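Data block below; observations after.
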There are 2 protein chains.
Amino acid sequence: MERIVRKYRGKGFKLTPQRIAILKFLEGNTNHPTAEDIYTEIKKKYPTVSFATVYNTVQALRDRGELLEITIDPERKHFDPNPSAHHHIMCTGCGKIGDVFFDYSMSLGLPEEVTREFAVTGNHIDFYGICTSCREKTS
Amino acid sequence: MERIVRKYRGKGFKLTPQRIAILKFLEGNTNHPTAEDIYTEIKKKYPTVSFATVYNTVQALRDRGELLEITIDPERKHFDPNPSAHHHIMCTGCGKIGDVFFDYSMSLGLPEEVTREFAVTGNHIDFYGICTSCREKTS
DNA sequence: TACTATAATAGAATTATTCCAAGATAGTAA
DNA sequence: TTACTATCTTGGAATAATTCTATTATAGTA
Ligand SMILES: [Mn+2]
Ligand SMILES: [Mn+2]
Ligand SMILES: [Zn+2]
Ligand SMILES: [Zn+2]
């Protein structure tokens, strides 16, 4: 909370109660929530909060580089309050998304026919797998 | 066409004219079309074709492992008639998607804290970059 | 304390995708 | 061939995610 105020004050980002609630929910959150996850959570404290506010806020944070949009799930977007370069793994059973903190860039050289056409600027790896609790269910 | 008929006949996949047109459009297509791209193309020859048919057909093909769904573009799904394991690169200027045929699996070992939680089954790399024609425009 | 640029809200609009019920037809078997 | 039926196609409605809009509220500042 202190940290949040310090971080955003005087940067043209108004700290409204709804935004503070969203920032608190996101801070340190490694669950990669969807817009609906955020909405549902904030609604507990602010029953009149709207989806527009959630989307506006995540967009503002994305524009400031404070949050990433994750595409690993074909069904919907997930958001990640950790903007540092890292990768993800999704359980194909339950959809749970985990972090993969390892820098693979060194190993990701591209074939010449690709670099001829594209100036590469970044990469992101989607891993797929089965999480522990899903494995228990099936066995 | 011959090849197509041979491939699907007697496999419980009815070869209707619309499906044949979709299969022809997809065969060897490396453009990673969206559902709308497919629909627009098929509509030229079959003006009454419906989106439902396009979606039904790509689903049927996906279920048979003949086609992949690509998630690199946060806006919409793209389809890939090449089901072999490969990766993609998208131009952040125009959205063009290219193929990356290189097997990186050897270099993609996962940290122990991830393998403890997930039994890994696959991976897919999204690369980002700027394509030639987008670079020309900006310069 | 007052002002104003910015944000919150409800609800409509848009877009992508799926569902549905009715009518057609591909493939098979007689 | 012909007839049958499981599967397919279609238009349009339904759903779900996301964005837009007009109005009202308010955070930050002077
Ligand atoms: Mn993450
Ligand atoms: Mn491809
Ligand atoms: Zn799971
Ligand atoms: Zn481009």
* **Matching residues, the stretch B:80-107, being within 27 Å of A:Asp99 (Cβ to Cβ), within 23 Å of the chain's Cα centre (by Cα) and away from ligand 4 (no atom under 15 Å from the Cβ)** => B:Asp80, B:Ala85, B:His86, B:His87, B:Val100, B:Phe102, B:Asp103, B:Tyr104, B:Ser105
* Lone qualifier among A:Pro33, A:Pro74, A:Pro83 - being touching a strand residue (DSSP E or B) at 6+ places or on another chain (Cβ under 7 Å) and within 13 Å of chain B (Cβ to nearest Cβ) -> A:Pro74
* Structure fact -> Flagged in the stretch B:41-69 as polar (S, T, N, Q) and either within 18 Å of B:Met1 (Cα to Cα) or exposed (fewer than 13 other Cβ atoms within 10 Å of the Cβ) (or both), in numbering order, are B:Thr48, B:Thr57, B:Gln59
* To do: Within the stretch A:62-96, count every residue that is over 17 Å from A:Asn123 (Cβ atoms) and of a type in the set (Ser, Thr, Tyr).
  => 1
* Among residues of the stretch B:114-124, those that are surrounded by 12 or more Cβ atoms within 10 Å (Cβ to Cβ), more than 24 Å from the chain's Cα centre (by Cα) and of a type outside the set (Ser, Thr, Tyr), counted -> 4
* Could you tell me whether B:Ile89 is among the aliphatic types (A, V, I, L, M) and either within 16 Å of ligand 1 (Cβ to nearest atom) or within 14 Å of chain A (Cβ to nearest Cβ) (or both)? => yes
* **Filtered residue count, the stretch A:8-39, keeping only those that are more than 10 Å from DNA strand C (Cβ to nearest atom), surrounded by 13 or more Cβ atoms within 10 Å (Cβ to Cβ) and assigned to a helix (DSSP H, G or I)** => 7
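Taken together, the values in this text are just the output of simple stated rules run on the coordinates, not laboratory data. Treat the numbers as computed from the prediction; the structure is a model and nothing was measured. Reconstructed Cβ throughout: ideal geometry from the backbone, glycine too, with neighbour counts over all protein chains shown.
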